[in-house]
Structures are given as structure tokens and as C-alpha cells.
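Q: Provided herewith is a single structure, encoded as C-alpha cells, for subsequent inquiry.
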Amino acid sequence: SRLEDTRRLAGRALPRLAPEAAASPQLQAELQAANAVLDQMSLGWGGLLDDVEAAVGTDVALLVLQPDARGRSVTLEGEARQMAALLELLTRLEATGSLEQVHLLQHETRVADPRRPVAFKIQARWTPGA
């Protein structure tokens with residue numbers, strides 16, 4: 001029930017700060033910065049994390065998840081046990097609904113490692129709330 005309460009609170013709309021008519025330029029700039037932070041906090045971060053977590057299989061280790069709220073994109077970095085697992089991850093990410101235009105930016109087989117994992121970097125367009 002705590003998890004449900006947390007998710008409900010995370011999905012609520014946050015208030016915006018309104019400047020007074022005679023606010024100084026410095027105060028207006030600070031209010032714009034505060035509103036930008038509020039906008040980022042009100043995005044569907046939980047949905048993004050849920051979608052990515054559901055797409056990552058047991059043969060993939062996700063090391064970096066870097067969302068860009070302004071650019072509405074997300075970058076993922078990690079390692080897959082083999083190329084087939086990486087390709088499956090790409091397919092699953094594209095099928096999430098909140099991620100589209102999923103592209104493999106780079107990949108490299110780590111030949112120095114005896115297991116020969118495939119290191120990767122993926123970028124996708126993110127649609128919060130989809």
C-alpha cells in the first residue's frame with residue numbers, strides 16, 4: 001500500500017509559482033528556474049523506470065539510465081551477455097509505448113573479458129505519460 005501511495009503522490013500535478021506584477025527581474029528568473037524544476041519533477045519518471053525495468057531481461061545489465069527531460073530523450077548504457085540479448089532489448093524498448101525511435105548508438109564486444117559481454121549505448125525518444 002505504501003508503494004501505491006508513493007506512485008499516486010508521484011503522479012500528482014505540482015503547483016506553479018506565479019510572479020507578482022511588480023517582481024524584480026532577478027525574482028522572475030528565480031521563479032522560472034523553480035518552475036522548470038517543478039516541471040521536471042512532475043514528469044512520468046515512474047513510468048519510464050517501470051518500462052525500462054520491464055524491457056531489461058536477465059541477460060542484460062543496465063549500468064546507466066540518463067533521462068533528458070527537456071529533450072524528451074533517454075540514454076541507456078550497459079552490457080549484454082551476447083548480441084542476441086542486446087537486440088531483444090532494443091525490440092522490447094521499442095514496444096514499451098513510452099519509448100520510440102530506439103537507436104543503438106554504439107556497441108563493442110569486450111574481448112579482454114573471458115565472458116565477452118557486449119557493451120552498448122542506446123538512445124530513445126521518451127514520451128512521458130504515454
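The values are calculated or read from the model by the stated rules, or taken from the named source; none is laboratory data. Computed from a predicted model, the values in this text were never measured in an experiment. Quick reminder, even Gly has a Cβ in these numbers, built from the backbone with ideal geometry, and neighbours come from all protein chains shown. Each accessible area value is taken on the protein alone, full model and side chains, heavy atoms only, with ligands, DNA and RNA left out. Shrake-Rupley method; radii C 1.70, N 1.55, O 1.52, S 1.80 Å.
Q: Checking Leu17 against (1) out of contact with any Ser or Thr (no Cβ under 7 Å at 6 or more places or on another chain); (2) open to solvent by 90 Å² or more (accessible area, probe 1.4 Å); (3) of a type outside the set (D, E, K, R); (4) modelled with pLDDT under 75: exactly one of these is not met. Which one?
A: It is condition (2) that Leu17 fails.
Q: Have a look at Gly78, Gly97 and point out the one that is touching a residue at least 40 places away in the same chain (Cβ under 8 Å) and surrounded by 14 or more Cβ atoms within 10 Å (Cβ to Cβ).
A: When all the criteria are applied, what remains is Gly78.
Q: Kindly provide the set of residues from segment 56-84 that are β-branched (Val, Ile, Thr) and touching a strand residue (DSSP E or B) at 6+ places or on another chain (Cβ under 7 Å), ordered by number.
A: Hits for segment 56-84 are Val56, Val60, Val64, Val74, Thr75.
Q: Same structure, new question: Restricting attention to segment 94-103, which residues are in contact with a strand residue (DSSP E or B) (Cβ under 6 Å, 6 or more places away or on another chain) and more than 14 Å from Pro128 (Cα to Cα)?
A: Glu94, Gln101, Val102, His103
Q: Something else: Limited to segment 81-92, what total is found for residues that are under 13 Å from Arg110 (Cβ atoms) and either surrounded by fewer than 14 Cβ atoms within 10 Å (Cβ to Cβ) or more than 19 Å from the chain's Cα centre (by Cα) (or both)?
A: Number of matching residues: 3.
For (1) in contact with a helix residue (DSSP H, G or I) (Cβ under 7 Å, 6 or more places away or on another chain); (2) modelled with pLDDT of 85 or more, each residue gets a yes or a no:
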position: Ala21; (1), (2): no, no
position: Ala34; (1), (2): no, no
position: Gly47; (1), (2): no, no
position: Gly71; (1), (2): no, no
position: Leu104; (1), (2): yes, yes
position: Ala112; (1), (2): no, yes
position: Ala119; (1), (2): no, yes
position: Arg125; (1), (2): no, yes
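Q: Let me ask something else about it. Which residues, taken from segment 65-107, are under 16 Å from Phe120 (Cβ atoms) and basic (Lys, Arg)?
A: Correct list: Arg81, Arg92.
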